[in-house]
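A short write-up of the structure that comes next.
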Amino acid sequence: MSPSQSRFEIKRIKEEGRKIGIYIERWLYNELIFKNNQVFLGKKEVDESNTLGVIFRAAGTISGKYVEGRNLLISYLSDKVKCLNAAGYLNWPRMGKIPQLGVFLKNKVPVIPTKIFYRFDQVLAENFEFPIVVKDSLGYQGKGVERLNSLTELKIFLKKLEEKDLGIYLWQKYLPVNWDIRVIVLGGKVLGAMKRTAVGEEFRSNFSLGGKVEKWDLAAGDREIAEKVAKICYLDYAGIDIIHYNGKSYVLEVNRQCQFKGFEKATGINVAKELIAFFLK
């Protein structure tokens, strides 16, 4: 786990573990060592004799070496030790917004109409109805999401890109709604939900960007959608973002390294304790 991105989650999981005699350690991907059929973290072998389970944060680096390391660890250990979201990681080493779109469309999950292009001339030839939203497939916490209000802003956006990078962006219709719902699913069942509302001129509702959070009573239809998304993405633990517009629900994305600081604050649900209970089961 990255201490910069997961400091709160690390602290909370450690706190809840100590209460019931479970010791939690944080390791970085670069501390992994593989020797034959053994996995080591530093000098310590990891196996079923000393490990209840493993939780992962995003495995970064441009080279993808830590993505490969994470999945190799899962391949070595998952028949002995519970690796959270193991099947999801092995099916999609990097599950950005574009791979998600393919899974959602295949399984008839409601999504906002989306376009993807690979050349600038394709974008400029499109007859967009502004404003539109552009999303980086590998963006997180609202980063890499921009609203373009005119053709002029679109051309300025393109000037900042190299054409070879264009294909990692999704182009979507802008829905004039300043809030969405974050649902956490654990073990195939909805744990709870919160409403996130954008504050001020910010159109993104992420808690990390200052969004206001509050508990949300989830409708049966949204509950079914969230549990379906976790299932089709093979995720034990996931955060699913849903938006409402004109009486319909649309899935924005699924997060398989779901942070929960805002969620615990809004709902009062002890996510850290529930995660440990899931491993104990």
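Readers should treat all values here as calculations from the given coordinates under stated rules, not as data from a laboratory. Since the structure is predicted, the reported quantities are computational estimates derived from the model, not experimental observations. As a convention, Cβ positions derive from the backbone with ideal geometry for all residues, glycine included, and neighbour counts pool all protein chains shown.
Work out, in µm²/s and without decimals, the Stokes-Einstein translational diffusion coefficient of the range 114-173 at 25 °C, 0.890 mPa s, Rh from Kirkwood over C-alpha pairs. Kindly include the intermediate steps, with their values, before the conclusion.
Details: Rh = 11.6 Å.
Calculated translational D: 212 µm²/s.
Under a Cβ-only charge scheme (Lys and Arg +1, Asp and Glu -1), can you give me the dipole magnitude of the chain about the Cα centre, in debye to the nearest 20?
The dipole of the chain has a size of about 440 debye.
May I ask you to compute the full-extension gain from K248 to N50, defined as 0.36 nm times their residue separation minus their alpha-carbon distance, rounded to one decimal in nm?
Values: separation 198, 0.36 × 198 = 71.28 nm, distance 4.76 nm.
Stretched out fully, the K248 to N50 stretch lengthens by 66.5 nm.
In whole Hz, with x marking every Gly and Pro, tabulate ³J(HN,Hα) for the range 144-159 from phi via Karplus 6.51 cos²θ - 1.76 cosθ + 1.60, θ = phi - 60°.
Those phi angles translate into x, 10, 10, 9, 10, 9, 7, 4, 4, 5, 5, 5, 5, 4, 5, 5 Hz.
Given a cut-off of under 8 Å on Cα pairs at least six residues apart, what relative contact order in percent is computed for the range 114-173?
Numbers: 78 pairs, mean separation 32.5, N = 60.
Computed over the range 114-173, the figure is 54 percent.
With the cut-off at 1.5 for a/c, could you classify the range 210-273 from its C-alpha gyration tensor as rounded, prolate or oblate? Don't skip to the end; give the middle numbers.
Values: a/c = 1.74, a/b = 1.15, b/c = 1.51.
Oblate, because a/c is 1.5 or more while a/b does not exceed b/c.
Looking at the chain as a GNM with Cα springs under 10 Å, which of E224, E15, E31 has the largest mean-square fluctuation?
Top of the fluctuation ranking is E31.
Treat every Asp and Glu Cβ in the range 17-103 as -1 and every Lys and Arg Cβ as +1, leave all other atoms uncharged, and give the resulting dipole magnitude about the Cα centre to the nearest 20 debye. Provide the component values of the computation, followed by the final result.
Working: 13 positive and 7 negative charges, 64 e Å.
Dipole about the Cα centre, nearest 20: 300 debye.
Can you bin the chain into rounded, prolate or oblate? Criterion: square roots of the alpha carbon gyration tensor eigenvalues sorted a ≥ b ≥ c, rounded for a/c under 1.5, prolate for a/b above b/c, oblate for the rest.
On the way: a/c = 2.06, a/b = 1.48, b/c = 1.39.
It is prolate, given that a/c is not under 1.5 and a/b is the larger ratio.
Kindly express, to the nearest 10 degrees and within the range 0 to 90, the angle between helix 220-232's C-alpha long axis and the longest C-alpha principal axis of the chain.
With both axes taken from Cα atoms, the answer is about 60 degrees.
With label points built 7 Å along Cα→Cβ from the Cα atoms of L28 and T152, find their separation and express it in nm.
Here the answer is 4.6 nm between the modelled labels.
Near the amide H of E214, under 5 Å away, which other amide H atoms are found, from residues 5 or more places off or on another chain, if H is placed in the peptide plane?
K195
Please compute the length gained on full extension between T114 and E163, using 0.36 nm multiplied by the number of residues separating them and subtracting their Cα-Cα distance. Please report the intermediate quantities before stating the final value.
On the way: separation 49, 0.36 × 49 = 17.64 nm, distance 1.90 nm.
Additional length available on full extension: 15.7 nm.
May I ask you to list the trypsin sites (Lys or Arg not before Pro) in the range 101-151 that are in a DSSP loop and have at most 16 other Cβ atoms within 10 Å of their Cβ? Please list the in-between numbers first.
Details: sites: K106, K108, K115, R119, K135, K143, R147; in loops: K108, R119, K143.
Passing sites in the range 101-151 are K108, R119, K143.
Could you work out how much longer the chain between K265 and K14 gets when fully extended? Use 0.36 nm per residue separation minus the Cα distance between them, nm to one decimal. Display every interim value, and only then the final one.
Details: separation 251, 0.36 × 251 = 90.36 nm, distance 1.77 nm.
Gain on stretching K265 to K14: 88.6 nm.
Just to confirm my numbers, what's the Cα centroid distance between the range 266-281 and the range 101-179 in Å?
The range 266-281 and the range 101-179 have Cα centres separated by 35 Å.
With each run of n ≥ 4 DSSP H residues scored as -39500 (n - 2.57), what mean residue ellipticity at 222 nm is computed for the chain after dividing by its residue count and rounding to the nearest 500 deg cm²/dmol? Walk me through the numbers on the way to the answer.
Numbers: 9 runs with 91 residues, N = 281.
Using -39500 (n - 2.57) per qualifying helix, the result is -9500 deg cm²/dmol.
Please compute the Kirkwood hydrodynamic radius over the range 19-70, one decimal place, Å, based on all pairs of different Cα atoms. Working shown, then result.
Working: mean 1/r = 0.0801 Å⁻¹.
Here the Kirkwood hydrodynamic radius works out to 12.5 Å.
Suppose R0 equals 51 Å; then what is the FRET efficiency for F40 and D121 from their Cβ-Cβ distance, rounded to the nearest 0.05?
Working: r = 51 Å, r/R0 = 1.01.
So the FRET efficiency works out to roughly 0.50.
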